[in-house]
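Quick note: the coordinates plus some simple rules give every number you see, no bench work behind them. Quick caveat: nothing in here was measured; it's all calculated off a predicted structure. Here the Cβ positions follow ideal geometry from the backbone for every residue, glycine too, while neighbour counts run over all protein chains shown.
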Amino acid sequence: MQIYQHYSENGLFSSKIYHFTTIDSTNEEAKRRAETHQLQNFDIIISNEQSTGKGRNNKDWHSPLGNLYFSIYLNNEEVNKINNRAYIFNVIAILSMHLAISKLLTKDLLLALKIKWPNDLLFNNKKICGILSKISQNNSGEKSKEKFMIIGIGVNINNHPPDELLNNFKATNLQEIGVNTNNIALLELFLDRFFTTYQKWQNFGEDLIRQQWLQYAHNLNQEITLSLEQEIYRGIFTGIDQDFNLMLQLPNNQIKKIGFCEILAIES
Ligand code: BTN
């Protein structure tokens with residue numbers, strides 16, 4: 001394992017990057033280190049591959065060599081700042097990854113990169129990045145009861161799972177769209193944007209972040225289908241409210257709000 005330090009462009013923030021060649025899951029390693037108080041705010045665990053990478057809804061996240069797999073640690077103080085609004089760090093993270101990948105795209109490709117609510121990145125309707133995050137509580141030692149958040153992010157750089165392993169969506173990777181990069185280079189681009197977006201949020205509040213998110217939203221003002229646990233809804237995706245609920249205009253013109261955590265799958 002190698003360790004590097006990454007400083008934000010204005011020098012105000014820094015992350016220690018713990019770089020593994022192989023590991024079970026960067027989310028699990030971050031959790032183990034967090035529970036034994038070995039991490040500081042914004043530290044990163046990255047691995048070249050994962051043997052048991054996890055995706056949302058209990059799915060496996062296929063993690064061979066060639067892609068980006070990493071987790072960010074946020075400490076108790078950060079978690080307390082957001083109260084019940086845990087989605088805000090997911091939003092800052094997906095927005096920052098959108099900005100990082102955009103930096104690598106030629107102008108004509110920029111419009112193809114979209115954020116799919118709640119927190120995936122799509123390129124031409126195909127998934128390129130996903131986020132799995134969790135808030136946990138320490139239950140040992142003098143820092144017991146302190147909370148922490150782990151945000152795990154996977155980006156397909158050189159390969160992606162074959163269609164038959166994916167349920168209702170297709171995937172792609174950066175190389176396929178003509179972008180050459182590697183996991184550390186993309187992580188560093190991401191971190192610079194993560195710190196800037198985080199500071200924007202601190203200085204100007206959530207609304208600015210929401211506006212920016214909406215600029216890149218997939219299927220905004222279009223008809224979409226949402227599958228929740230019990231029901232399927234079809235309607236127009238008209239926007240995101242102040243609590244980051246998705247607003248769906250149903251055929252009877254009623255607005256149905258769907259919470260960030262409620263979502264199990266979105267087909268569109
Ligand atoms: C999704 O289902 O879209 C979320 C995928 C999240 C994958 C990342 S890869 C790094 C981190 N470690 C994991 O085991 N999962 C996340």
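Here the range 10-73 is described by how far its Cα atoms reach on the three principal axes: 35, 25, 21 Å, from widest to narrowest.
For the range 62-116, what is Rg from Cα atoms divided by 2.2 N^0.38 Å, rounded to two decimals?
Cα-based Rg divided by the globular estimate yields 1.46.
Once you sort the root eigenvalues of the Cα gyration tensor of the range 167-268 as a ≥ b ≥ c, which label holds: rounded (a/c under 1.5), prolate (a/b larger than b/c) or oblate (the other case)? Oblate, because a/c is 1.5 or more while a/b does not exceed b/c.
Modelled this way, with points 7 Å down the Cα-to-C-beta line, the labels at I135 and Q175 are 3.9 nm from one another. Computed from Cα atoms, the angle from the helix 206-215 axis to the main principal axis of the chain rounds to 60 degrees. Here is the list for the range 177-268: GluC sites (Glu not before Pro) lying in DSSP coil, each with at most 11 other C-beta atoms within 10 angstrom of its C-beta, are E229, E231.
Taken over the alpha carbons of the chain as equal point scatterers, the Debye sum produces base-10 log I(q)/I(0) values at 0.08, 0.09, 0.10 Å⁻¹ of -0.31, -0.40, -0.50.
Principal-axis analysis of the Cα atoms of the chain puts helix 183-204 at an angle of about 70° to the longest axis. Multiplying the residue separation of N219 and N168 by 0.36 nm and removing their Cα-Cα distance gives an extension gain of 16.7 nm. On the basis of the beta-carbon distance and an R0 of 51 Å, M1 and N253 show a calculated FRET efficiency of 0.35. Kindly state, to the nearest 0.05, the FRET efficiency for H37 paired with E9, given R0 = 25 Å and r defined as their beta-carbon distance. Rounded to the nearest 0.05, the efficiency is 0.30.
For the range 53-197, the alpha-carbon radius of gyration amounts to 1.09 times the rule-of-thumb value 2.2 N^0.38 Å expected for a compact globular protein.
Each pair of Cα atoms in the range 123-183 enters the Kirkwood radius, and Stokes-Einstein at 20 °C and 1.002 mPa s then converts it into a translational diffusion coefficient of 152 µm²/s.
Counting only DSSP H runs of at least 4 residues, each contributing -39500 (n - 2.57), and dividing by the residue count of the chain, the helix-based mean residue ellipticity at 222 nm comes to -8000 deg cm²/dmol. Among the GluC sites (Glu not before Pro) within the range 1-53, those in coil by DSSP and having at most 16 neighbouring Cβ atoms inside 10 Å are E9.
If you place +1 on the Cβ of every Lys and Arg and -1 on the Cβ of every Asp and Glu, how big does the dipole about the Cα centre of the range 116-210 come out, in debye to the nearest 20?
The calculated dipole for the range 116-210 is roughly 220 debye.
Projecting the Cα atoms of L174, T196, S96 onto the dipole axis of the chain, where Lys and Arg carry +1 and Asp and Glu carry -1 at the beta carbon, places T196 farthest toward the positive end. Extension gain for N203 to K147 (0.36 nm times residue separation, less C-alpha to C-alpha distance): 17.8 nm. Under the convention that each Lys and Arg Cβ holds +1 and each Asp and Glu Cβ holds -1, the size of the dipole of the chain around its Cα centre is about 240 debye. Could you give the angle, 0 to 90 degrees to the nearest 10, between helix 26-35's Cα long axis and the longest principal axis of the Cα atoms of the chain? The two axes meet at around 50 degrees.
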